[in-house]
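Heads up, the thing below is written out as structure tokens.
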Amino acid sequence: MQTLEQLEKKAISFIEEASFDRKPTALFEPVEYAMKQGGKRIRPLLVLIAADMFSFDLDKAKYPALAVELLHNFTLVHDDIMDASPLRRGKPTVYQKYGTNRAILSGDVIYAMAYEQLINCDADKIPALTKTLTSVLINVCQGQAYDMAFENTTEVSVRDYITMISLKTGILLAGSLKLGAIVADASKENMNVLSEIGLYLGIAFQLQDDLLDCWSDLESFGKVSGTDIADNKKTILYLLTLENANEEDAKRLLTLYSGKPADVQQKIQEVKSLFEKYDAKQKTEDMVNEYMNKALKSVESLDVEQERKSNIVAFIQKLLNRKK
């Protein structure tokens, strides 16, 4: 059994050593750019954590690890276009660097290449792996559709938001753990528990992102601070504030989110003041802890030796303390 640090290095090396250099250059150069921008490689790491938990050969586990990272980057390339995001991991987004049309097409081929990786897996595992990856993608798209729909309505509840991020973020982490469990021939019971752990982690991860977008800097977070507020994103901070605000403050928050003011920085500061006034930051931090604790509780249900649970526990604790 490997340590979490060893698995992290292996997950990074699998992506960094993979070759995406094909022809035509116009199609594959943006692929290489998207895949080699760095990042935490959380999803392939989760594949390896699950596979290693059941003593599976990690050199074979690299294929589903690559598949889930490709799928993740496909969603990022297209999401950045839809959100008009200028930066990703501190660098220009793919569409900003190569243009929208090339980014869309390169995103499409990244999606296809994710399934291409699964062909390298043991033949008897391919159907389950393909079914899982397909289900993950459908759920992620459903989550993105809800996210887009939220932009055009004020009738969004905290419960609606948790449902959306469960689909958009949680399912991908759940699927990553499940892919690792499938190739390692884990029991269905353990697969279900790992999927549950991943779902809780994904929810906590997105809630953390909401916090980091509001209270972090470009150097540490890799994205411009306050973009969610500038873009009128109905994050958990917004929803908790609106839910608890008095009538005057609720009306002001709705007004601030109704358009694009000339002075965006002033808007960001005023909204953050409202968030702080109604303890949205602390309430969100409490929710992060709640879902992390749910994940840790689920770890106890895994039917493996206690020692083999150590990496997933260490991962949860590390995620809880992340700054980017």
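Note on Lys188, Lys283: ascending count of other Cβ atoms within 10 Å places them as Lys188, Lys283, the fewest first.
For the pair Asn192 and Gln2, label points projected 7 Å from Cα toward Cβ lie 3.0 nm apart.
In the chain, the calculated helix contribution to ellipticity at 222 nm averages -23000 deg cm²/dmol per residue, counting -39,500 (n - 2.57) for every DSSP H run with n ≥ 4. What FRET efficiency would be calculated for the residue pair Arg322, Ala112, taking the C-beta separation as r and a Förster radius of 41 Å, to the nearest 0.05? Approximately 0.85, to the nearest 0.05. Rounded, prolate or oblate for the chain? Axes are the square roots of the Cα gyration tensor eigenvalues, ordered a ≥ b ≥ c, and the cut-off for rounded is a/c under 1.5. Oblate, since a/c reaches 1.5 and b/c is not below a/b. Fully extending the segment from Lys251 to Asp185 would add 18.3 nm, taking 0.36 nm per residue of separation and subtracting the current Cα-Cα distance.
The calculated FRET efficiency for Asp303 paired with Ala262, based on their beta-carbon distance and R0 = 41 Å, is about 0.10. Per-residue 3J(HN,Hα) values for region 129-137, derived from phi via the Karplus relation 6.51 cos²θ - 1.76 cosθ + 1.60 with θ = phi - 60°, read 5, 5, 4, 5, 5, 5, 4, 4, 5 Hz in sequence order (x marks Gly and Pro). Considering only Ser19, Trp215, Met287, the residue lying farthest towards the positive end of the dipole of region 4-320 is Ser19, judged by Cα position with unit charges set on Cβ.
Angle of helix 25-35 to the longest C-alpha principal axis of the chain, folded into 0 to 90 degrees and rounded to 10: 80°. The alpha carbons of region 82-173 give a radius of gyration and a Dmax of 16.2, 48 Å, in that order.
If R0 is taken as 25 Å, the Cβ-Cβ distance between Ser55 and Ile119 corresponds to a FRET efficiency of 0.55. By the count of neighbouring beta-carbon atoms within 10 Å, fewest first, Val299, Val47, Val304, Val183 end up ordered Val304, Val299, Val183, Val47.
Test of understanding: what is the full-extension gain from Arg22 to Arg102, defined as 0.36 nm times their sequence separation minus their Cα-Cα distance? Here the answer is 27.3 nm. For the residue pairs Lys9/Lys91; Lys36/Lys234; Lys36/Lys267; Lys36/Lys168; Lys10/Lys283; Lys10/Lys168, alpha carbon separations beyond 32 Å are given by Lys36/Lys267; Lys10/Lys283. For the chain, the longest principal axis of the Cα atoms and the long axis of helix 58-83 meet at an angle of about 20 degrees.
Here, each number is a calculation from the coordinates, and none is a lab measurement. Given the structure is predicted, the values throughout are model-derived calculations rather than measurements. Cβ coordinates were reconstructed from backbone atoms using ideal geometry, including for glycine residues, and neighbour counts include every protein chain displayed.
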